[in-house]
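As structure tokens, the structure follows; a few thoughts come after it.
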Amino acid sequence: MSAEQLTAFWAAVEADASLQEKLSASTDGEIDTPIEAAAVVAIAKDAGFTITAADLLRADAEAILELSDEELEKVAGGEPYAIFLIGRNAGWW
């Protein structure tokens, strides 16, 4: 996995409203299906980053293992943009 590419992509997403809009249009706030992962990979590729669906899903799983109880409750409760909470916790940006 290219952790650097994934970290750089999430930093770009945080700084770029057009990337945020593309992600919002392609996912439900989480990347939890192969179709959503493929869409994010395509968005990243268009933005000049090289990541894979496996990279995203692996990073997501690793980040979930590091969540606090409070953060787990937010994610389980369907809080919007839970993936951004996870990403921030994982140090993606």
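Coordinate-derived values only; no laboratory data. Predicted, not measured: the structure shown is a model, and the values here were computed from it. Using ideal geometry, Cβ is built from the backbone for each residue, glycine included, and neighbour counts are taken over all protein chains shown.
Worth pointing out:
- For the range 52-59, backbone phi angles converted through the Karplus equation (6.51, -1.76, 1.60; θ = phi - 60°) give residue-by-residue couplings of 10, 4, 4, 4, 5, 5, 5, 4 Hz, Gly and Pro being listed as x.
- Rough spin-label spacing in nm, given labels placed 7 Å along Cα→Cβ, for D28 and L57: 1.7
- Our coupling estimate for the range 18-32, obtained by passing each phi through the Karplus curve with A = 6.51, B = -1.76, C = 1.60 and θ = phi - 60°, is 5, 5, 4, 5, 4, 5, 4, 6, 9, 9, 9, x, 10, 10, 10 Hz, Gly and Pro reported as x.
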